[in-house]
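Following: one structure in structure tokens, then a few remarks.
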Amino acid sequence: MAEKIDFSKVRFLIVDPNPLALQMLNDILSMLGANYVRRATDYDKAMDVLKEGNIDILITEREITPKNGIELVDYIRNDPSSRDRLLPVIVLTARSEEPFVHEARDHGANEFVAKPYTVDSLYKRLSAIIAYPRQYVSAPGYFGPERRRKQVPFNGTERRGVDQNAPPGRAGVDQKTAKT
Amino acid sequence: MAGKGKVQIIQAPTDLRKRAVNFKTGFGVILSPQETQKLQLVVERSSDEFTRNIGEKLKALREELGQLDDGEAPSKAMVGRIVADALEIKGLGGTFKFPLLTQIAKSLHDYAMQISEPNAWNTVIVSHHIDALYVVLAQRITGLGGRIEAELLKALRAASTKFK
């Protein structure tokens with residue numbers, strides 16, 4: 001039997017300065033079955049809701065004022081007063097160029113959706129966050145979800161542990177793959 | 001408050017999954033075509049409002065630009081509004097099956113973003129973009145249009161590069 005997602009159990013905060021974009025997102029979530037959707041049109045209103053707690057997923061536009069959506073992610077991930085540092089965040093933005101994707105990822109956003117978006121693309125990110133949550137990493141200069149996505153099979157010699165088959169001299173380096 | 005010193009792996013939180021994922025109610029983890037269609041209807045219902053909303057914005061911008069004298073530069077405040085409106089149209093156009101609006105709005109947004117000291121050329125280039133957006137919306141040109149629309153977009157981009 002296939003797994004399903006009951007969105008009536010998920011509490012959302014959506015942030016967008018554009019009323020039409022906000023309404024459409026709200027309508028999509030309602031159609032999915034969500035009945036707890038808080039809305040905010042700017043950074044300060046979003047902060048008020050976040051400080052109350054009781055949010056499971058934040059979906060925010062990057063271009064909000066007076067601070068931007070990435071600063072909102074920063075607050076969630078790094079501020080000592082943040083109520084939930086592991087809160088899943090989707091950055092849903094019209095600033096869709098590559099540097100903005102990297103910026104969102106490096107500040108700890110879980111997912112990035114470029115506007116204009118399709119309901120399918122948004123749903124895939126929501127589904128990933130709820131059904132397949134990623135582990136988090138706390139490292140110098142970064143706190144947020146694991147940024148590596150793909151588990152690529154590695155055919156070379158294991159270098160990170162003790163490798164019994166390692167040739168002498170250059171322990172663990174696969175001679176064939178080392179010529180790069 | 002990123003980690004200090006050591007790298008630490010924190011297990012993925014599972015409480016949301018436990019609460020929301022089940023085998024009985026809700027939408028599939030992977031959407032079926034029927035479910036996708038159902039959601040798409042929500043977008044289509046907002047389409048008329050989008051057209052009206054953007055139409056009003058473009059009309060207001062056109063009027064504002066029309067009030068400028070020949071050779072007059074737009075004010076910095078006006079440029080700020082153009083940047084904001086262009087980004088909004090860029091972000092919504094494609095969702096409502098107007099990808100050409102998104103592309104023209106992107107060209108306008110990129111152009112307006114680099115204006116630091118407005119000049120008369122800015123008025124001309126911005127006006128051409130807004131006229132093009134207006135025509136696409138008024139004629140309801142969904143999709144990317146044809147050869148003429150492609151040429152128009154190319155010309156707008158070329159003009160944007162040349163007349164800064």
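The residue of the stretch B:58-89 that is nearest to the chain's Cα centre (by Cα), among those that are open to solvent by 20 Å² or more (accessible area, probe 1.4 Å) and small (Gly, Ala, Ser), is B:Ala84.
Being away from every other protein chain (no Cβ under 13 Å), surrounded by 18 or more Cβ atoms within 10 Å (Cβ to Cβ) and without any contact (Cβ under 8 Å) to a residue 60 or more places away in the chain, is that true of even one residue in the stretch B:90-98? No. If you take the residues in the stretch B:14-28 that are open to solvent by 90 Å² or more (accessible area, probe 1.4 Å) and more than 15 Å from A:Ala128 (Cα to Cα), which one is nearest to the other protein chains (Cβ to nearest Cβ)? Taking the candidates together, the pick is B:Phe23. Among the residues making up the stretch A:110-131, a single one is more than 10 Å from chain B (Cβ to nearest Cβ) and open to solvent by less than 10 Å² (accessible area, probe 1.4 Å): A:Val113. For B:Leu31, the requirement of being touching a helix residue (DSSP H, G or I) at 6+ places or on another chain (Cβ under 6 Å), at the interface with another protein chain (Cβ under 8 Å from one of its Cβ atoms) and part of a loop (DSSP other than H, G, I, E, B) is met. Filtering the stretch A:88-100 to residues that are part of a loop (DSSP other than H, G, I, E, B) and crowded, with 21+ Cβ neighbours inside 10 Å leaves A:Pro88, A:Ala94, A:Arg95.
The values are calculated or read from the model by the stated rules, or taken from the named source; none is laboratory data. These figures come from a predicted structure and were not determined experimentally. Using ideal geometry, Cβ is built from the backbone for each residue, glycine included, and neighbour counts are taken over all protein chains shown. Only protein heavy atoms, including side chains, enter the accessible area calculation; ligands, DNA and RNA are left aside. Shrake-Rupley method; radii C 1.70, N 1.55, O 1.52, S 1.80 Å.
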